[in-house]
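Scroll down for the structure; my scribbles are underneath it.
The values are calculated or read from the model by the stated rules, or taken from the named source; none is laboratory data. Remember, predicted model here, so these are calculated numbers, not experimental data. For neighbour counting, all protein chains shown are included, and Cβ atoms are generated from backbone atoms with ideal geometry for every residue, glycine included.
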Amino acid sequence: MLSPIRLVSEAAELAAHSHNGMARKGSGNEPYINHLAEVANLLATATDGADAELVAAGWLHDVIEDTDTTRDELAQNFSERVASLVIECTDDMTLPKAERRRKQIEVAPHKSPGAKLIKIADKISNIGARVQTDPSAEERDDLADYVGWATQVVAGCRGGNAWLDEKFDDAVKAARALL
């Protein structure tokens, strides 16, 4: 088993290499790694750095969904728990977007405590990326749609970390101020 600092560091490195060249959705053309770093940092802050496997999974939460990385590779290189958390946060990309969204709402209450925290951190980051100064009508519509859906997903994930719940509420409040 890797030491906690190596676990997080190696997860960050794999995330950076695996998502190299990818950009976040939105008008900013921001490097995708920024999203992963934000999610990992939210998790590190929420747990006061006490859960390296959770933080590593935060770095890696999209790696199976977006790359050729496998669950077995994650279990072998990190831990069984990291691999399991990433799998819990991975959407079936063969499904249409509306079905993936519906499934996230449906399964959120049944996720492990760690996967629930990753989901909340992910939604905080994604809402923040959609908050633009003077948004266009299309950006406002996208923000309203995303916030409405994310709020339903997070409703099934709340209660595991008061600080993260509050950060989500703050993100929603900031987003709704633009609508």
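Table: residues versus (1) outside any loop (DSSP other than H, G, I, E, B); (2) within 22 Å of Val107 (Cβ to Cβ); (3) β-branched (Val, Ile, Thr).
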{"site": "Arg140", "(1), (2), (3)": "yes, no, no"}
{"site": "Leu143", "(1), (2), (3)": "yes, no, no"}
{"site": "Gly148", "(1), (2), (3)": "yes, yes, no"}
{"site": "Gln152", "(1), (2), (3)": "yes, yes, no"}
{"site": "Leu164", "(1), (2), (3)": "yes, yes, no"}
{"site": "Val172", "(1), (2), (3)": "yes, yes, yes"}
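Applying the criterion of being of a type outside the set (D, E, K, R) and not in a helix (DSSP H, G or I) to the residues of region 57-85, the residue that is farthest from Ala23 (Cα to Cα) is Ser79. Please verify whether region 67-79 includes one or more residues that are under 15 Å from the mean Cα position of the chain (by Cα) and either of a type outside the set (A, V, I, L, M, F, W, C) or more than 23 Å from Asn29 (Cβ to Cβ) (or both). No, there is no match, as no residue in region 67-79 is under 15 Å from the mean Cα position of the chain (by Cα) and either of a type outside the set (A, V, I, L, M, F, W, C) or more than 23 Å from Asn29 (Cβ to Cβ) (or both). Ile124 meets the conditions (1) surrounded by fewer than 18 Cβ atoms within 10 Å (Cβ to Cβ); (2) β-branched (Val, Ile, Thr); (3) in a helix (DSSP H, G or I) in every case but one. The failed one is (1).
Count of region 5-29 residues, restricted to those that are at pLDDT 95 or above, under 14 Å from the mean Cα position of the chain (by Cα) and surrounded by fewer than 15 Cβ atoms within 10 Å (Cβ to Cβ), is 0. Looking only at region 30-50, filter to residues that are over 12 Å from the mean Cα position of the chain (by Cα) and of a type in the set (D, E, K, R); which one of those is farthest from Asp66 (Cα to Cα)? If we take residues in region 30-50 being over 12 Å from the mean Cα position of the chain (by Cα) and of a type in the set (D, E, K, R), then Asp48 is farthest from Asp66 (Cα to Cα).
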